[in-house]
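As C-alpha cells, the structure follows; a few thoughts come after it.
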Amino acid sequence: MAIFTFWLFYKYIKIRKASFYILSLLLFFFSLDTVYVRAHGLIFAIFVFDIIFTPVKFEKRSIILFLVRQVPFVFVYYYVYLTSTAMVKSFGFFNFVKDVFGEHKYILLSVPLQNVGNLFIPDTITKLIDNFVIHNIRYFPPGFSPGSTLAGFAFFALLTYLVIKWRKKEPLLTKILIFSAVWMLANMMVYFVRETTLVLQTTHRYLTYSFAGLAIFWSTSLYLLAKQFNLKESNRPFIVFASLIIVVYL
C-alpha cells in the first residue's frame, strides 16, 4: 500500500488528475492505520517526495500549492497518530538530550548511524568486524558496534558519491536515490525519537518499511554503478554483484 501510495501520487504529479491524488491519500491512510507503529515515518517520505518530484520552487504560488497538497496527508497523520496521547507521551527524545549533554553519554549519538549501518549491511556480517576489534584492538563500550558504525558511514559515502556523480546526467534516478534514502531514514528516525538507546537489529520488525526504501536504493545505485563502469546486465561482474547482494541479505 505504501508503494502504491507513492506511485499514485507520482501519477497525479504528472497527469494532474484528482482521482490519483484521492486514491493516493486513501492508501496513505490505510498504510498508517493497518501497520500502526511501523509506518510513522511515511509522512516525511511523502513530504520529501512532493518536494523532489513536483518540484517545489521558492515562489509564493508553488509553496501554497505544495501546502495545499500536503495538508490532507498531515491531517491523516494527525488523526492516526497524534490524537492518541499514548503515541506522543512515549517520546524519549528529551531524555536523550539529557543523557548526552547532561550525563555525557556521547556514545548514544552513534545509535542512528548504527541503525543505518545495520539496515545497509546485515549485522551478522558487521559483528565479524566487532569481534576482530575486541580481540585485536581494544574493548568498546556496550551498545556500540564499530562494524555497524562503519557500515553507516559507507552508506552515506555511497549515497553522496552517486548523487554528486549523476545529479546532472541522470536527474530522475538521482531523485529516486535521494527519495529511497529519505524513506529508509524517516522511519528509523521517528522510532529513534521514541527509543533513543536501542540499536535495531537488521531483522527488527520496525525496519519493515525501511527495507522498501533500501530495495529501491540498491536497485538504483547498482544501475548507476553498472553504467559508470560500462557494465550491462549480461556482464558477469554485474551478475556477480547483484547475486552477492541477494545472498548477503538472505
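The values are calculated or read from the model by the stated rules, or taken from the named source; none is laboratory data. The structure presented is a predicted model; accordingly, all values stated were derived computationally and were not measured. Here the Cβ positions follow ideal geometry from the backbone for every residue, glycine too, while neighbour counts run over all protein chains shown. Accessible surface is based on the protein model in full, side chains and every heavy atom, while ligands, DNA and RNA are left aside. Shrake-Rupley method; radii C 1.70, N 1.55, O 1.52, S 1.80 Å.
Details
- VAL190 meets the conditions (1) over 15 Å from LEU207 (Cα atoms); (2) at pLDDT below 90 in every case but one. The failed one is (1).
- Complete set of residues in region 224-240 that are assigned to a helix (DSSP H, G or I), modelled with pLDDT under 85 and touching a helix residue (DSSP H, G or I) at 6+ places or on another chain (Cβ under 7 Å): PHE238
- Test: residue in region 150-171 that is of a type outside the set (Lys, Arg), outside any helix (DSSP H, G or I) and in contact with a helix residue (DSSP H, G or I) (Cβ under 9 Å, 6 or more places away or on another chain): yes
- Residues within region 137-149 that are surrounded by 10 or more Cβ atoms within 10 Å (Cβ to Cβ) and more than 12 Å from VAL199 (Cβ to Cβ), tallied: 2
- Residues being assigned to a helix (DSSP H, G or I), under 21 Å from PRO122 (Cβ atoms) and without any contact (Cβ under 8 Å) to a residue 60 or more places away in the chain are entirely absent from region 190-213.
- Note on region 1-48: residues that are more than 22 Å from the chain's Cα centre (by Cα), in contact (Cβ under 8 Å) with a residue 24 or more places away in the chain and open to solvent by 40 Å² or more (accessible area, probe 1.4 Å) total 0.
- Hits in region 207-250 - residues which are of a type in the set (Val, Ile, Thr) and over 21 Å from PHE49 (Cα atoms): ILE239, VAL240, ILE245, ILE246, VAL247, VAL248
- Checked against (1) under 16 Å from PHE155 (Cβ atoms); (2) in contact with a Gly (Cβ under 9 Å, 6 or more places away or on another chain); (3) polar (S, T, N, Q), THR202 meets all criteria but (2).
Yes or no, residue by residue, for (1) open to solvent by less than 30 Å² (accessible area, probe 1.4 Å); (2) touching a residue at least 40 places away in the same chain (Cβ under 8 Å):
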{"site": "LEU109", "(1), (2)": "no, no"}
{"site": "VAL116", "(1), (2)": "yes, yes"}
{"site": "PRO122", "(1), (2)": "yes, yes"}
{"site": "HIS135", "(1), (2)": "no, no"}
{"site": "PHE155", "(1), (2)": "yes, no"}
{"site": "LEU162", "(1), (2)": "yes, yes"}
{"site": "LYS165", "(1), (2)": "no, yes"}
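- Selected residue (criterion: farthest from the chain's Cα centre (by Cα)) from residues of region 124-133 that are free of Cβ contacts under 8 Å to residues at least 40 places away in the same chain and open to solvent by 80 Å² or more (accessible area, probe 1.4 Å): PHE132
- Counting the residues of region 214-247 that are of a type in the set (Lys, Arg) and under 11 Å from LEU173 (Cβ atoms) gives 1.
- Number of positions in region 193-211 that are open to solvent by 10 Å² or more (accessible area, probe 1.4 Å) and of a type in the set (A, V, I, L, M, F, W, C): 4
- Looking only at region 49-70, and only at residues there that are within 21 Å of the chain's Cα centre (by Cα) and among the aromatic types (Phe, Trp, Tyr), the one that is surrounded by the most Cβ atoms within 10 Å (Cβ to Cβ): PHE49
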